[in-house]
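Asker: Before we start, here is the structure in question, set down as structure tokens.
The values are calculated or read from the model by the stated rules, or taken from the named source; none is laboratory data. Note that this is a predicted model, so its numbers are computed, not measured. Please note: Cβ atoms are built from the backbone with ideal geometry, for glycine as well, and neighbour counts cover all protein chains shown. All accessible areas refer to the heavy atoms of the entire protein, side chains included, with ligands and DNA or RNA removed. Shrake-Rupley method; radii C 1.70, N 1.55, O 1.52, S 1.80 Å.
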Amino acid sequence: MRDVAAPDRLQVWKEEGQDLGNCPVRHVLDHLAAKWTTLILLELAQGPARFNAIGRALPDISKRMLTQSLRDLERDGLIAREVFPTKPPSVEYRLTDMGLSLLGPLGVLIDWAELHAAPIAAARRAYAAG
């Protein structure tokens, strides 16, 4: 992939014949944009954590959604899961090197969201008012 500014990437992908319906970047960004992914990654940025500790840190997440989100992050190589031979077995999750490398770009996106949260809320209110 050539070094191209973000606004020009779509045009480059089209010129290269990329299948935009099955774009690998789209699949990655879809997952990263999931409701809980960022919060889980930020929680694990504090250090390894067990399932219940992550669940307590994110009280609105269901156990089912936490399980699925952790599996998806592990499948994508962003987190690692370690099972300890205790009775009952305990499981700990941690960021992988790739997961750690995502924290920088994620931080930029979070900074942008914090900076623009109030203007976006105002725009939504104006839109709803018609």
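Asker: How would you order 10-17, 84-91 from highest to lowest mean count of nearby Cβ atoms within 10 Å?
Answerer: Descending packing order for the listed peptides: 10-17, 84-91.
Asker: Also, quick follow-up: Quick one: helix 63-75 against the long Cα principal axis of the chain, what's the angle to the nearest 10°, folded into 0 to 90?
Answerer: For helix 63-75, the angle is close to 70 degrees.
Asker: Sticking with this one: Can you tell which of Thr86, Leu29, His116 lies farthest toward the positive end of the dipole of the chain, using +1 and -1 charges on the Cβ of basic and acidic side chains (Lys, Arg; Asp, Glu)?
Answerer: After comparing all options, I get Thr86.
Asker: Considering only protein heavy atoms and a 1.4 Å probe, what is the carbon-and-sulfur percentage of the accessible area of segment 32-130?
Answerer: 59 percent
Asker: In whole Å, what is the distance between the alpha-carbon centres of segment 5-27 and segment 31-104?
Answerer: Measuring centre to centre over Cα atoms gives 29 Å.
Asker: Quote the charge dipole size of the chain about the Cα centre in Debye, to the nearest 20; the model charges only the Cβ of Lys and Arg (+1) and of Asp and Glu (-1).
Answerer: 620 debye
Asker: As a test of the definition: which semi-axes, in Å, follow for segment 64-130 when you take the square root of five times each eigenvalue of its alpha carbon gyration tensor? Largest first, please.
Answerer: 37, 16, 9
Asker: May I ask for the percentage of alpha-carbon pairs in the chain that lie more than 25 Å from each other?
Answerer: Counting pairs separated by more than 25 Å, the tail of P(r) holds 43 percent.
Asker: Between Leu29 and Thr86, how high is the FRET efficiency from 1/(1 + (r/R0)^6) when r is the Cβ-Cβ distance and R₀ = 30 Å? Nearest 0.05.
Answerer: With R0 = 30 Å, the Cβ-Cβ based efficiency is 0.20.
Asker: Would you be so kind as to identify which of Met65, Leu106, Gly17 lies farthest towards the positive end of the dipole of the chain, taking Lys and Arg as +1 and Asp and Glu as -1 on Cβ and the Cα centre as origin?
Answerer: Farthest along the dipole direction, towards plus: Met65.
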